[in-house]
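Undergrad: A single structure is presented below for examination.
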Amino acid sequence: MKYISLMGATGSVGTQTLDVIKEHPSEFKLTAISVGRNIELTRKIIKEFKPELVSVAEESLVTNLKAEFPGTHFTYGRDGLIEVAVYHKADVLVNAVSGSVGLTPTLEAIKEKKTIAIANKETLVTAGHLVMEEAKRNNVSLLPVDSEHSAIFQALQGEKEKNIEKLIITASGGSFRDRTREELRNVTLEDALNHPNWSMGAKITIDSATMMNKGLEVIEAHWLFSIPYDKIDVLLHKESIIHSMVEFHDSSIIAQLGTPDMRVPIQYALTYPDRLILQTAKRLNLAEIGKLHFRKMDLERFRCLRFSFEAGKAGGTMPTVLNAANEAAVAAFLDGKVSFLQIEDLIEKALNKHNNISNPGLIEIQEVDEETRKYVNSLL
Ligand code: NDP
Ligand code: MG
């Protein structure tokens, strides 16, 4: 039996993690969860899974829940996230919160030697060097949940890092794949939230439309697989059937394929190095699909991807600025305060303004993160 702490239980990855846990009651037990503000869903989760510890976003949200569930321990806020991350009974932390708020809890869980199943890419983008260092020091495994990184991880099983020629990360292209920059000028929030292949949380769906999601994934891959940026390629592949590939020195390419269903990489992270049947997963019928398409990625059309490669290569606090500016700009777009193309303008301004700090510690990262959000908000 594996005991699981789940951060972001009410989100898209969170609820799909619950589906996986539900399908294997003799393998997994949910012991602790964190949620934000979705108390309706939190009630349902507590009734069904009976976690011992529940953290919510704010203290005011705790009162009613306490009365309703006297046997459950409740906590809240940033400290609450950490309590969930390090919960003594948990073997594995599934980090499915969105945004860099996931960073400190992840570092604390690593210190407590929890295995980390990581969906929360912002954590690795913001402070990949600190997370990887801490994981190495504590001999902790970081198992990817993001479908592209799970694909690469699966393709690398039994392989040696030194034999990698390059990683090929596939990108669906998001909601606006086939639109020109001119056509992007007047797109609405509703258009942007309409992803062709994947059903995901609002923030990552916008990140997919701007291609920032792929940019964050490039930086995530750099850290997870210790691969230099010039050995990471991004390839447009509209069907989202090949989830990513690894090319080796001998010219062989190993790819991982499947229908776009996040429960598969989530479950693999929980069962690794084993696999379990996932009854509800749709099997891939390649004969029915017939054709797969690929296209070279255009870094001028998708500027956020170019910013990400540049920030990643610059290192230091540049990726922190990239991520924080993006989080603030996407929040502003979701609030109707800026247009779609302004998201990239805000990120570019924040990157241009920043004086890079090399090899930053946690405090410096948190300061830069906060300053960047303030700066972007001051431009709105
Ligand atoms: P959602 O927006 O659907 O869910 C986010 C979760 O985090 C919710 O439970 C939300 O709570 C909680 N949350 C948000 N902010 C805070 C906060 N400040 N404090 C505490 N809890 C908070 O996101 P997704 O599930 O789509 O994505 C989660 C992460 O996984 C992201 O990093 C994303 O990039 C990554 N990812 C997602 C994929 C997907 O298919 N969705 C695929 C690959 C990676 P509540 O709703 O209760 O307010
Ligand atoms: Mg992904």
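Just so you know, all these numbers are worked out from the coordinates, no wet-lab data involved. Every value quoted in this text rests on a predicted model; they were computed, and no experiment measured them. Cβ: placed from backbone, ideal geometry, glycine included. Neighbour counts: every protein chain shown.
Undergrad: Return the whole-Å distance between the Cα centroid of region 36-50 and the Cα centroid of region 155-205.
TA: The two parts, judged by their Cα centres, are 30 Å apart.
Undergrad: Could you derive backbone 3J(HN,Hα) for region 60-73 from the dihedral phi with the Karplus parameters 6.51, -1.76 and 1.60 (θ = phi - 60°), listing whole Hz in sequence and x where the residue is Gly or Pro?
TA: Along region 60-73, the couplings run 4, 7, 7, 3, 4, 4, 4, 5, 6, 10, x, x, 9, 8 Hz.
Undergrad: Roughly what % antiparallel, to the nearest 5, for the DSSP beta bridges in the chain? List each step's numbers first, then the result.
TA: Details: 11 of 40 bridges.
Of the beta bridges lying entirely in the chain, close to 30 percent run antiparallel.
Undergrad: If you don't mind, there's one more thing I want to ask. Under a 10 Å cutoff between Cα atoms, tell me which one of Glu190, Glu344, Glu159 has the largest fluctuation in the Gaussian network model of the chain.
TA: Answer for the Gaussian network model of the chain: Glu190.
Undergrad: Identify which of Pro265, Pro319, Pro70 has the largest mean-square fluctuation in a Gaussian network model of the chain, with springs joining Cα atoms closer than 10 Å.
TA: Pro70
Undergrad: What share of Cα pairs, in percent, lie more than 20 angstrom apart in region 2-140? Kindly include the intermediate steps, with their values, before the conclusion.
TA: Working: 3841 of 9591 pairs.
Result: 40 percent of Cα pairs exceed 20 Å.
Undergrad: Taking the Cα atoms of region 315-380, what is the range of coordinates along each of the three principal axes, in descending order and whole Å?
TA: 35, 18, 15
Undergrad: If you don't mind, another one. Would you mind calculating the gained length between Lys349 and Met1 on full extension (0.36 nm times residue separation, minus the Cα-Cα distance), in nm to one decimal? Intermediate results must be reported in sequence, preceding the final value.
TA: Working: separation 348, 0.36 × 348 = 125.28 nm, distance 4.92 nm.
Length difference between fully extended and current span is 120.4 nm.
Undergrad: Would you mind computing, in nm to one decimal, how far apart the modelled labels at Asp298 and Lys89 are, each placed 7 Å from Cα along Cα→Cβ?
TA: Here the modelled spin labels are 5.4 nm apart.
Undergrad: Cα centroid distance between region 206-285 and region 86-109, in Å?
TA: 22 Å
Undergrad: Comparing Leu286, Leu346, Leu41, which has the greatest mean-square fluctuation in the GNM of the chain with Cα pairs linked when under 10 Å apart?
TA: In the Gaussian network model the winner is Leu286.
Undergrad: What length, rounded to one decimal in nm, is gained on full extension from Leu380 through to Glu159, with 0.36 nm per residue of separation minus their alpha-carbon distance?
TA: Numbers: separation 221, 0.36 × 221 = 79.56 nm, distance 4.81 nm.
Fully extending the segment from Leu380 to Glu159 adds 74.7 nm.
Undergrad: Further question: Using amide H atoms built in the peptide plane, which far-off residues or other-chain residues are under 5 Å from Leu30 H to H?
TA: Ile4
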